[in-house]
Structures are given as structure tokens and as C-alpha cells.
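Heads up, the thing below is written out as C-alpha cells.
The values are calculated or read from the model by the stated rules, or taken from the named source; none is laboratory data. Every value quoted in this text rests on a predicted model; they were computed, and no experiment measured them. Here the Cβ is made from the backbone with ideal geometry for all residues, glycine too, and neighbour counts use every protein chain on show. For the accessible areas, the whole protein counts, side chains as well, though only heavy atoms, and no ligand, DNA or RNA atoms are used. Shrake-Rupley method; radii C 1.70, N 1.55, O 1.52, S 1.80 Å.
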Amino acid sequence: MKSMKLEEKIKNEVLDFIVSRKSLHLATITGAGEPFISYAPFALGDNCIYVLISEIALHAVNLQELPKGSVMMVEDEGTAKELFARIRVSYSVESQMLEHDKEEWIKGIKIMAARHGDRIKNLSELSDFKLFKLLPISGRYVKGFGRAYSLAGGSLAGDLVQHLRDGHKKRAVA
């Protein structure tokens, strides 16, 4: 019973932390197989993340060519208690580029606008801006040293939360 309460507590912490962030780091792979990282403002849907990015930006091109990536939301350096153990959540994601003016596009744009205001409406009217729906495959939540959790399953909070206990180890003294 105690384990279930802890799992629910961690799931709630993950969702609360994500909601407190407004942008994420987005890692993608180029057509040449090279890693590339950038950032984007985001909004949350039903177990998904929406990002509206210009196809002029390399990460949008990359997601169109290879619809996989990784995202991370991280605690601000200025407010972190420990620089080496900033609170963060990351996910491996699959992406779907949503077709302009279709039902899912309209829903995603409304969600983005509710979070980020009129700027979204203006950007969504530009033909180079694409709306991507990022679907979590698996994730990791880190809230300090020795306090890391895997988030298994296809939900933002994790369908199965597991404390990662095989972490830091002291070096053997010679």
C-alpha cells in the first residue's frame, strides 16, 4: 500500500513540475544522423505535448524526416538548490505533425493559445509554422541525488513509476 501511495505522489509531482515549465529542450536527429538540440515553448494535451515550430528551424525539419526525439523540462538554475541535481523530467517521444486546419490542429492550437496567448494565433497563421504532437514512450524524473524514477508506458506521469536504486557508487580505493 505504501508503494502505491509513493507512486501516486511521484506521478502528481511529475505533472505539477511539467505544468510549472513553459518551454522544453527538444533533441532530434538530423538526416545525416547527427544529434541536434534546441528548445520550444510547449503545452500539454491528453498524454501528449504540443509544440508549434517553424520549418525554418532545424528541429522541425528533423521531426518531419525522423519523427522521434527526446524532450526535457528542467528546473531553472537560479532557483535550484543544487546545480548538479536540478529537478528534471525527460521523455523519449514519437512525433506527429498535425495537418493544418484539421480537427486535431485546431484543438492543439487552442491548447497552445490558452497557455501562451495571442502569439500562438499569430504564429499559427504563418505557413512555415508546424504543430507537432509529441507522444511519450518512456521517461525519467529526477528530483535529486538518489531520487530518480523511471516513467514507463505512454503517459506523461508514467503508467508504471519505478525508483532507480542502482545509482551512484563510490570508487574503489587502490
_Given the criteria at pLDDT below 95, under 18 Å from the mean Cα position of the chain (by Cα) and open to solvent by 80 Å² or more (accessible area, probe 1.4 Å), does Asp16 qualify?_
no
*Which listed residue, of Glu103, Glu94, Glu125, Glu77, is among the acidic types (Asp, Glu) and in contact (Cβ under 8 Å) with a residue 40 or more places away in the chain*: Glu94
*With Gly146, Gly158, Gly167 as the choices, which residue is under 14 Å from the mean Cα position of the chain (by Cα), outside any helix (DSSP H, G or I) and either of a type outside the set (Lys, Arg) or at pLDDT below 95 (or both)?*
Gly158
*For segment 86-103, which residues satisfy the criterion of being surrounded by 13 or more Cβ atoms within 10 Å (Cβ to Cβ) and either among the β-branched types (Val, Ile, Thr) or more than 18 Å from the chain's Cα centre (by Cα) (or both)?*
Ile87, Val89, Val93, His100
*What is the one condition in (1) part of a strand (DSSP E or B); (2) open to solvent by 60 Å² or more (accessible area, probe 1.4 Å); (3) closer than 15 Å to Lys130 by Cα that Ile56 does not satisfy?*
(1)
_Residues located in segment 46-87, provided they are under 22 Å from Lys121 (Cα atoms) and of a type in the set (D, E, K, R)_ = Asp46, Glu55
*Give the number of residues within segment 1-55 that are within 23 Å of Leu164 (Cα to Cα) and acidic (Asp, Glu).*
4
*With respect to Val89, determine if the residue is at pLDDT 95 or above, under 24 Å from Gly153 (Cα atoms) and touching a Gly at 6+ places or on another chain (Cβ under 7 Å).*
yes
*free of Cβ contacts under 8 Å to residues at least 40 places away in the same chain, part of a loop (DSSP other than H, G, I, E, B) and not aromatic (Phe, Trp, Tyr): does that describe Ala172?*
yes
*Might you check whether a residue that is polar (S, T, N, Q), touching a residue at least 24 places away in the same chain (Cβ under 8 Å) and open to solvent by 30 Å² or more (accessible area, probe 1.4 Å) occurs anywhere in segment 160-169?*
no
*Is it fair to say Gly78 is in a helix (DSSP H, G or I) and open to solvent by 50 Å² or more (accessible area, probe 1.4 Å)?*
yes
*Residue list for segment 104-141, filter: outside any helix (DSSP H, G or I), among the polar types (S, T, N, Q) and open to solvent by less than 80 Å² (accessible area, probe 1.4 Å)*: Ser138
